[in-house]
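A.B. asks: Sending over a structure as structure tokens; questions will come in a sec.
The values are calculated or read from the model by the stated rules, or taken from the named source; none is laboratory data. Bear in mind the structure is a predicted one, so any value in this text is a computation, not a measurement. Don't worry about glycine lacking a Cβ; one is built from the backbone with ideal geometry, like all the others, and counts go over all protein chains shown. SASA here: full protein model, heavy atoms, side chains in, ligands and nucleic acids out. Shrake-Rupley method; radii C 1.70, N 1.55, O 1.52, S 1.80 Å.
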Amino acid sequence: QVQLVESGGGLVQAGGSLRLSCAASGRTFSSYDLVWFRQAPGKEREIVAAFRPGGTVYVDSVKGRFTISRDGAKNTVYLQMNSLKPEDTAVYYCAGTLHYTVYYRDVSNYPYWGQGTQVTVSS
């Protein structure tokens, strides 16, 4: 049984930092297979960060502030979030796919989801 377990969310003041972790079990995921989404109240779930051939990609609003990384030996992906803003407030989800896809922004391509971790940034 595949499980994705996120941790590291919380309440932080604007300008602060958090590091999210997503530990996968039950299946070994490649670097392209685990990504980070987020969903703010009243908004659709959006891709935040992912590994792609040649590097990493980020939603425009977090470029230069967030960094995705992974530890293959631990089957874990991380999201380092710096210079947090109130608009980063959301539930952050780790998602896993079965195979590489160019449609990595599409939530329907991810059969595996973590439970989500709340990130709240106060102004």
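A.B. asks: Which of the residues that make up region 10-52 are free of Cβ contacts under 8 Å to residues at least 60 places away in the same chain and closer than 20 Å to Asp71 by Cβ?
C.D. replies: Selection gives Ser21, Ala23, Ser25, Gly26, Thr28, Ser31, Trp36, Val48, Ala49, Ala50, Phe51, Arg52.
Table: residues versus (1) of a type outside the set (A, V, I, L, M, F, W, C); (2) not in a loop (DSSP other than H, G, I, E, B).
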site	(1), (2)
Ile47	no, yes
Phe51	no, yes
Thr56	yes, yes
Ser61	yes, yes
Thr67	yes, yes
Ala73	no, yes
Ser83	yes, no
Tyr104	yes, no
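A.B. asks: Additional query: Write out, first by first residue and then by second, each pair whose Cβ atoms fall under 9 Å of each other, whose residues are 6+ apart or on separate chains, and whose first residue, in region 103-123, is over 13 Å from Gly9 (Cα atoms) while the second is of a type in the set (Lys, Arg) and open to solvent by 60 Å² or more (accessible area, probe 1.4 Å).
C.D. replies: Listed by first residue and then by second, the contacts come to Val107/Arg45; Tyr112/Arg27; Ser123/Lys85.
A.B. asks: Quick check on Leu79: is it in a loop (DSSP other than H, G, I, E, B) and hydrophobic (A, V, I, L, M, F, W, C)? Full working, then the answer.
C.D. replies: On the way: in a loop (DSSP other than H, G, I, E, B): no; hydrophobic (A, V, I, L, M, F, W, C): yes.
No, not satisfied.
A.B. asks: Sticking with this one: Here is a list of conditions, (1) touching a residue at least 12 places away in the same chain (Cβ under 8 Å); (2) surrounded by fewer than 20 Cβ atoms within 10 Å (Cβ to Cβ), and Lys63 meets all of them except one; can you say which number that is?
C.D. replies: (1)
A.B. asks: If a residue has to be closer than 21 Å to Gly26 by Cβ, assigned to a loop (DSSP other than H, G, I, E, B) and open to solvent by less than 40 Å² (accessible area, probe 1.4 Å) to count, how many in region 85-102 make the cut?
C.D. replies: Counting residues in region 85-102 that are closer than 21 Å to Gly26 by Cβ, assigned to a loop (DSSP other than H, G, I, E, B) and open to solvent by less than 40 Å² (accessible area, probe 1.4 Å) gives 2.
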